[in-house]
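Here the structure comes first, spelled out in C-alpha cells, and everything after it is commentary.
Just so you know, all these numbers are worked out from the coordinates, no wet-lab data involved. All figures in this text were calculated on a predicted structure; none of them were measured in a lab. With ideal geometry, Cβ positions are generated from the backbone for all residues, glycine too; neighbour counts draw on all protein chains shown.
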Amino acid sequence: MSIFVFGHRSPDMDSTGSALIWAWYLREVKNMPATAKVLGEPNNEAKFVLNYWGISTPEVLGELAAETPVVIVDTNNPDELPDNIHQCQIREIIDHHKWVGGLATKDIVNITVRPLGCTATLMIELMGSKVADQMPDGLKGLALSCILSDTVAFKSPTTTDQDRNVAENLAADLKINIETYANQMFQAKSDISGLSDISLIAMDSKDYVINGLKYQVSLLETQTPEAVLKRKAGLKKAMLENIASNGIDQIMMFVIDISKQEAILIVQDDHTKALAELAFGVKTTKDTVVLPGIMSRKKQIVPALHRSLDGNCNLAA
C-alpha cells in the first residue's frame, strides 16, 4: 500500500512542495511506495511554481481508509488534517511549527520538529546534502520556492541562517536569481482575480484556541495590498458571516505588504478593534490598522494574541 504524504488544509507552497519532496525521497532513496497528496486546491503561488518547474499538481486526498499509512508534513495540528487521521497509520511527522498536541499514533514513529523557517529546509537537512543533490532540478526548484515563500524571501523573522544557506545553495545550483524569481512568485500570489471574498479569507488561515475562544487568523501576503483593501467591505461581511456559520468566535485577517514589510489588519467589528489595541498597542478609529514590521503569524501575531488574551476575561466575554 502506498504511503500518502500530505500537509495541512488550504495547501500553500511549503505544504504542497514538501509533500512532493518527501514522497520522492521515500520512493527513490528508501524504496518505499509513496504518493504526494494535497488537502484542497493549492494557492496561486504554488500553482505558479508547479507550472514553472513542470511538475504536476498532486491529487486532492479523498476519503482516507482506516489503517492507511501516512506521513504528515508542515503541520502537527489535527484540526488541519483529515477528520479520521487517528485511524491511519501515522509513520512520520516533519514540521517547523509549535507543537500543538492531540495527534495520537498507533506505533512509535519518527517526529521531527525544528525551529526553522520552512519544512523543506528541514527535509534537506534530514536527507543530507548528498541525497539532496540527487533530486531532479524540478524538486530542487520546489525546495527553493518553499523556503522563499515561507520566509518571504528572507524578510520574515522566522528566517534562520540555515534557511538562507540552503536556499542560496539551491539557487546557485539551479542558476536562479533569488530576487527575480521571488518577485515572480509573489506576483502570482498577489493575483486575487477570480477569488471570492471567502476564498481570500480561507486561503492561508489557521485556527487557534486562546483563552477559551476559537480564533481564525488569516494572512494574505501580497505586493499589491491596495487590490485587497478595495474589497474590504466584502471581506468584512464574509468574515462576519463565517463567524456566525462555522463555530468560530473571531476571524482576524492580516494583509501582509511584502514590499513595505508590514501588516494591515482589517477591523470588522469592535471585538477586533479592542483586540488589536490590546495585542499590538495601537489606537484606531478606522476599519484598517497598519502594523509596521509585522510579517509572521507564528512568531509575531499569534504570540501577541496569546499575551493579550490569556487570562483576559474582558475579551473572552
(message) Just to be sure I understand: with springs between alpha-carbon atoms less than 10 Å apart, which residue in A65, A238, A19 has the highest mean-square fluctuation in the Gaussian network model of the chain?
(response) A65
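What is the calculated FRET efficiency for L213 to E168, with r their C-beta to C-beta distance and R₀ = 51 Å, to the nearest 0.05? All intermediate terms of the calculation are to be shown ahead of the outcome.
On the way: r = 42 Å, r/R0 = 0.81.
The computed FRET efficiency comes out at 0.75.
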(request) Along Cα→Cβ, 7 Å out, is where each label goes; now give me the distance between the ones at D287 and K98 in nm to one decimal. (result) 3.1 nm
(request) Rounded to whole Hz and in sequence order, give me ³J(HN,Hα) for the range 137-150 from the Karplus expression 6.51 cos²θ - 1.76 cosθ + 1.60, θ = phi - 60°, writing x for Gly and Pro. (result) 4, x, 6, 4, x, 5, 4, 4, 5, 4, 5, 5, 5, 5
(message) Limiting things to C-alpha atoms, what are the Rg and the maximum Cα-Cα separation (Dmax) for the range 197-316, in angstroms?
(response) 13.1, 38
(message) If you build the convex hull over the alpha carbons only and average its shadow over all orientations, what do you get for the range 205-244? Give it in nm² to one decimal.
(response) 3.4 nm²
(message) Given a 10 angstrom Cα cut-off, can you work out which residue in N77, N183, N44 is the most mobile in a GNM of the chain?
(response) N183
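When the helices in the chain are scored as -39500 (n - 2.57) per DSSP H run of 4 or longer and the sum is shared across all residues, what 222 nm value do you end up with, to the nearest 500 deg cm²/dmol? List each step's numbers first, then the result.
Working: 13 runs with 128 residues, N = 317.
Computed mean residue ellipticity for the chain: -12000 deg cm²/dmol.
What translational D, rounded to a whole number of µm²/s, comes out for the chain from Stokes-Einstein when the hydrodynamic radius is the Kirkwood one over Cα pairs, at 10 °C and 1.306 mPa s? Numbers along the way, then the final one.
Values: Rh = 20.1 Å.
Estimated via Stokes-Einstein, D reaches 79 µm²/s.
Taking the range 81-123 on its own, what percent of its Cα-Cα pair distances exceed 13 Å? Working shown, then result.
Working: 519 of 903 pairs.
So the portion of pairs separated by more than 13 Å is 57 percent.
In what sequence, highest mean first, do 84-92, 125-133, 296-304, 140-148 appear when ranked by Cβ atoms within 10 angstrom? Walk me through the numbers on the way to the answer.
Working: 84-92: 17.0, 125-133: 13.7, 296-304: 19.1, 140-148: 28.0.
So the peptides 84-92, 125-133, 296-304, 140-148, ranked by packing, come out 140-148, 296-304, 84-92, 125-133.
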(request) Give K37/K130; K30/K140; K189/K237 a once-over and call out the pairs whose C-alpha atoms are over 20 Å from each other. (result) K37/K130; K189/K237
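Give me the percent relative contact order of the range 3-188, please, defined on Cα pairs under 8 angstrom at least 6 residues apart.
Working: 345 pairs, mean separation 39.9, N = 186.
Worked out over the range 3-188, it gives 21 percent.
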(message) Given all pairs of different Cα atoms, what value in angstroms does the Kirkwood hydrodynamic radius of the range 186-255 take?
(response) 12.5 Å
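Please compute the length gained on full extension between H306 and L126, using 0.36 nm multiplied by the number of residues separating them and subtracting their Cα-Cα distance.
Details: separation 180, 0.36 × 180 = 64.80 nm, distance 3.18 nm.
Working it through step by step, the gained length comes to 61.6 nm.
Output needed for the range 3-188: three equivalent-ellipsoid semi-axes, defined as square roots of 5 times the C-alpha gyration tensor eigenvalues, in descending order, whole Å. Could the numbers behind the result be given before it?
Values: eigenvalues 131, 53, 52 Å².
In descending order the semi-axes read 26, 16, 16 Å.
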(message) Students often get this wrong: which residues of the range 31-47 have the backbone nitrogen under 15 Å from the point 7 angstrom along Cα-to-C-beta of S199?
(response) 40-47
(message) So for each of 100-110, 219-229 I average, over its residues, the number of other beta carbons within 10 Å; can you give me the resulting order with the highest mean first?
(response) 219-229, 100-110
(message) If you fit an axis through the alpha-carbon atoms of helix 232-245 and take the longest principal axis of the Cα set of the chain, what angle between them do you get, 0 to 90°, nearest 10?
(response) 80 degrees
